[in-house]
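Bear in mind these aren't lab numbers, they're just calculated from the coordinates by the rules spelled out. Keep in mind the model is a prediction, meaning the values are calculated, not measured. Quick reminder, even Gly has a Cβ in these numbers, built from the backbone with ideal geometry, and neighbours come from all protein chains shown.
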Amino acid sequence: MLENIKLMLGLEDDKHDTMIMLFVSKVVTSIVEYCNIKELTPGLESFTEDKVFEIMKPRLTGGAQNTGEVKAVTRGDTKIEYNVASASSDNSRGANLSESDKKFLNNFRVARMH
């Protein structure tokens, strides 16, 4: 997973490996707990790589992450402003599963047996 994430991020050195692996661990833990499974399938490994990429990209660029939502629209002199979330320095943020993540993961969820 590490090499795939580094490839997607365009990283060639190991400067960010520890941070990437931290988020891989957090995302995998979230997925395993949400889906009630013991290990990831190849499809969930790919999902994890994509999720960690989304977390790491704004951190590496030092910028904000566009959430895609329009915050303001002005027609006179044309101003469109997007709702942008700032890159957080809190390492636990970003590894949480969004509602769209959970919707996708429901396909892999297993009922708990007591």
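Taking a virtual spin label 7 Å from the Cα of A111 along the C-beta vector, which residues in the stretch 3-36 bring their backbone nitrogen under 17 Å of it?
Inside the label zone: 35-36.
May I ask you to order 25-38, 44-57, 98-111, 1-14 by the average number of other C-beta atoms within 10 Å around their residues, highest value first?
Packing order, densest peptide first, comes out as 44-57, 25-38, 1-14, 98-111.
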